[in-house]
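Enquirer: Just dropping this structure here.
Read the figures in this text as sums done on the coordinates, not as results from a lab. Everything quoted here is computed from the prediction, not taken from an experiment. Using ideal geometry, Cβ is built from the backbone for each residue, glycine included, and neighbour counts are taken over all protein chains shown.
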Amino acid sequence: MPQRPAALLPIAVVLVSVFCALPARAQVPPEEEAGWQSDVGGLSHFSGLRCPDTIGSFYRVKAMASDGVSLAGCIYTGQDGLTAVLRKHLLGTGRREALAFSRNYKSAGFEPVKMSGAAASGISFRTRNWTPSSLLETFWYFSGEKADYTLWIAYTLPAQEGEVGPALEVFTDALALQN
């Protein structure tokens, strides 16, 4: 059996001691790296946005970091795949974001739709019309005392049309607690 050179033993001892002396990197949840902190019943962002674990019958599925458009945001899912995205923006920029939403959807070829009920106060587009149920996306903006907020909800017609009003209500109630 071949013998290992004795000279490698001191090198191995030094390498093991160096690696053991290095501090271990703590695993930081991605939300914390993006400025989110856990609190009772949800997450709070350093910008001031609070995303509860639940809003009405919606469950938070993702926290979003700030980007070129918003300070922070959260994605929620509701019954039967109803999806909502709540974002916080700089004060005075919500209208601009709504106009950008409208312009971008029009340029992508989506059909603007005039809605009734709660969706009438938002900007709505039909984004899928080749199946028996149409997919609609509606965008609202709200001006607060310290920031603007946007809410985007995707839903199908006719199945989820009745859920849009209650969804808008629970999210605007949650936003009222932000300011």
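Enquirer: Give ALA100, ALA119 a once-over and let me know the one that is part of a helix (DSSP H, G or I) and in contact with a Ser or Thr (Cβ under 7 Å, 6 or more places away or on another chain).
Expert: ALA119
Enquirer: Checking ALA159 against (1) over 25 Å from ASN104 (Cα atoms); (2) of a type outside the set (D, E, K, R); (3) buried (at least 20 other Cβ atoms within 10 Å of the Cβ): exactly one of these is not met. Which one?
Expert: (3)
Enquirer: Take the residues of the range 137-156 that are out of contact with any Leu (no Cβ under 6 Å at 6 or more places or on another chain) and of a type in the set (A, V, I, L, M): which is farthest from VAL170 (Cα to Cα)?
Expert: My answer is ALA154.
Enquirer: If I filter the range 162-179 down to residues being part of a helix (DSSP H, G or I) and hydrophobic (A, V, I, L, M, F, W, C), which single residue comes out as surrounded by the most Cβ atoms within 10 Å (Cβ to Cβ)?
Expert: Filtering first and then ranking leaves ALA167.
Enquirer: Tell me which residues, restricted to the range 128-156, are in contact with an Asp or Glu (Cβ under 8 Å, 6 or more places away or on another chain) and surrounded by fewer than 16 Cβ atoms within 10 Å (Cβ to Cβ).
Expert: ASN129
Enquirer: Go through LEU91, LEU135 for me and flag whichever is in contact with a Ser or Thr (Cβ under 8 Å, 6 or more places away or on another chain) and under 13 Å from ILE153 (Cβ atoms). Walk me through how you get there before you give the answer.
Expert: On the way: LEU91 fails: under 13 Å from ILE153 (Cβ atoms).
Result: LEU135 is the single residue among LEU91, LEU135 that is in contact with a Ser or Thr (Cβ under 8 Å, 6 or more places away or on another chain) and under 13 Å from ILE153 (Cβ atoms).
Enquirer: Would you confirm whether or not the range 100-110 contains a residue that is free of Cβ contacts under 8 Å to residues at least 40 places away in the same chain and at positive phi?
Expert: Looking through the range 100-110, at least one residue is free of Cβ contacts under 8 Å to residues at least 40 places away in the same chain and at positive phi.
Enquirer: I need the full set of residues from the range 54-68 which are outside any strand (DSSP E or B) and either loosely packed, with under 15 Cβ neighbours inside 10 Å or touching an Asp or Glu at 6+ places or on another chain (Cβ under 6 Å) (or both), in order please.
Expert: If the condition is that a residue be outside any strand (DSSP E or B) and either loosely packed, with under 15 Cβ neighbours inside 10 Å or touching an Asp or Glu at 6+ places or on another chain (Cβ under 6 Å) (or both), then SER57, ASP67, GLY68 are the ones that fit.
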